Amino acid sequence: MLGLMQDWPLLCHKILDHAATQHGRREIVSRSVEGPITRTTYADAHLRARKVAMMLEREGYAPGDRIATLAWNTARHLEAWYGIMGMGGVYHTLNPRLFPEQIAWIMNHAEDKALFVDLTFMPLVEKIAPQVKSLKQVIVLTDGQHMPETALDNVVAYEDWIAQADGDYRWKTLDENAACGMCYTSGTTGDPKGVVYSHRSNVLHAMIAVQPDAMGLSSRDVILPVVPMFHANAWGLAQSAPMIGAKLVMPGGKMDGPSIYELLDTEKVTFTAAVPTVWLMLLQHLEETGKKLPHLKKVVIGGSACPRAMTRKFQDNYDVEVIHAWGMTEMSPLGSLGTIKPEYADLEGDARLDIQEKQGFAPFGVEMKVTDDDNVARPWDGKTFGRLKVRGPAVAKGYYGGAGTDQFDEEGWFDTGDVAHIDPNGYMQITDRAKDVIKSGGEWISTIDLENLAVGHPDVAEAAVIGIRHPKWDERPLLVVVPKKDREPAKDDILGYMEGKVAKWWMPNDVVFVDEIPHTATGKIQKTTLRDQFRDYTLPD
Ligand code: ADP
């Protein structure tokens, strides 16, 4: 017997319909690429997205076509996404921090037919476009007045282009399982792999994200997604903010401390999200200027481990609640969030920080387990680590073109490549990437734990730990440190600070100081490069 409820497909453009109907006058504020702050509303975005859809159709693009975007977070980028999805197309976000050859490779692999691009990236596109055989058209996210000279064919200014349509467009009625978006993993090992989102997975993910025990968002929030739309869907905020009708503040290309502070302050932002490196810059700016954050209530920090010292600063010095989150491009991306269950509600001080250092628990819609190498589940005791596996309606079941099949099993579990433990209350803690964990005498040492500890030292700006070959123990940890500006910490001072806070056999065998630690295009420490850099390094006896 079937239920007698309506078959109302979960389609992304219905989110924007809802935002325009219920929250039409709510603002979308952008730091435009041209410079000034611009203001539109969900009602404007709704009309302009339909103009995008109309124009795409008029130019001959069809449902299923991949339409790339190479752009910062702005209202125009958001409209383009919804316009692409609403005509049945598939937005494909490109990360401008990748090498040009990688971007061209990804575009060819996805067979992108058109590209929406910010002015910032025109020089990059001039290099890449001739290499992408499928590319027919470039739409520059600006107006006629700001259009640059270019040697490329078939380039139009976005504002002039959408001005040709009246926006009287009916969204395509699609199967909710149709593809709507695409994002490639950064490919730190091997070629990048394409993750393909469906309308259904994006809508469900947005519903998961807004829940009180996840991001906890409402129409009363003012949301600043610092995390770029090209980095794992801006963690779903481009869908969850319009779904609940929150005011959106889009930072454009400026993510330095003073620029982010300015938006937090002038727009009275209550909620923001980004990777730890962004918050390092903001906190430094606040410390230098003595400024405060009177409006901000919550910050979601993820993408790499949020150091305890950062959580402490936000909470103790600025009265901003930190939610540590973990996820992956393959998970749309949210996998777990560190809101507080009743079991931990009474904890204070360091005991509370111990919980917040974990990556949190899985919301409804994400199942997780940790297993050994033979896929046998390990206990949730908060210390036994294993391979972290996940499944759910917004988790990938494969990669575009059939790559990486070994990461998916018959029961639908996706092997994240992360190593983690889970405590009896369901709080998961990432201890490493499987390929970064240090194997010393048959036991595993978590590089993330050591890094988190080292950055707690007052003179340390950033820290990375890598395994160095060792004749007796296989591998031993080397701590690589970037000191804070104008500080010259001593090796023994740092090791002394760490001593007693981790098991003795976890202690790094040596400390080296560097000016800079290499990062990936999504802001993570690039351990492969660091390992190459220290390949010939020998540890002291
Ligand atoms: P990319 O490889 O393109 O950077 P993702 O942004 O999808 O892709 O990265 C996902 C990985 O980032 C996770 O598998 C995990 O290793 C790491 N990660 C994400 N959030 C956290 C976190 N809070 N703590 C530790 N690692 C994290």
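Some values worked out for this structure:
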{"read-out": "Antiparallel DSSP beta bridges within the chain, percent to nearest 5", "value": "55"}
{"read-out": "The stretch 65-110 and the stretch 494-527: distance between their alpha carbon centers, rounded to Å", "value": "36"}
{"read-out": "Linear extension gain, E111 paired with D354, 0.36 nm per residue minus alpha-carbon span", "value": "82.9 nm"}
{"read-out": "With at most 14 other Cβ atoms within 10 Å, longest stretch of the chain clear of loop chymotrypsin sites (Phe, Trp or Tyr not before Pro) (DSSP)", "value": "1-363"}
{"read-out": "Stretch gain in nm, segment A163-K136, where the contour uses 0.36 nm per residue and the Cα spacing is subtracted", "value": "7.7 nm"}
{"read-out": "The stretch 143-295 - percent relative contact order, Cα under 8 Å, separation 6 or more", "value": "16"}
{"read-out": "Spin-label model distance (nm) - Q22 vs D143, 7 Å beyond Cα toward Cβ", "value": "3.3"}
{"read-out": "Förster radius 22 Å - calculated FRET efficiency between R220 and E287, Cβ distance, rounded to 0.05", "value": "0.15"}
{"read-out": "Net lengthening on full extension, D459/D536 (0.36 nm per residue, minus Cα-Cα)", "value": "25.0 nm"}
{"read-out": "For the stretch 355-486, fraction of C-alpha pairs farther apart than 17 Å, in %", "value": "65"}
{"read-out": "GluC sites (Glu not before Pro) within the stretch 21-70: DSSP coil, no more than 15 neighbouring Cβ in 10 Å", "value": "E34, E59"}
{"read-out": "Förster-model FRET efficiency, 30 Å R0, E101 and E516, C-beta, rounded to 0.05", "value": "0.85"}
{"read-out": "Cα gyration tensor, the stretch 12-254 - rounded (a/c under 1.5), prolate or oblate", "value": "rounded"}
{"read-out": "For the stretch 319-324, 3J(HN,Hα) per residue [Karplus equation, 6.51 cos²θ - 1.76 cosθ + 1.60, θ = phi - 60°, Hz, x = Gly/Pro]", "value": "6, 10, 6, 9, 10, 7"}
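We did not get these values from a lab; they are worked out from the coordinates using the rules stated. These figures come from a predicted structure and were not determined experimentally. Reconstructed Cβ throughout: ideal geometry from the backbone, glycine too, with neighbour counts over all protein chains shown.
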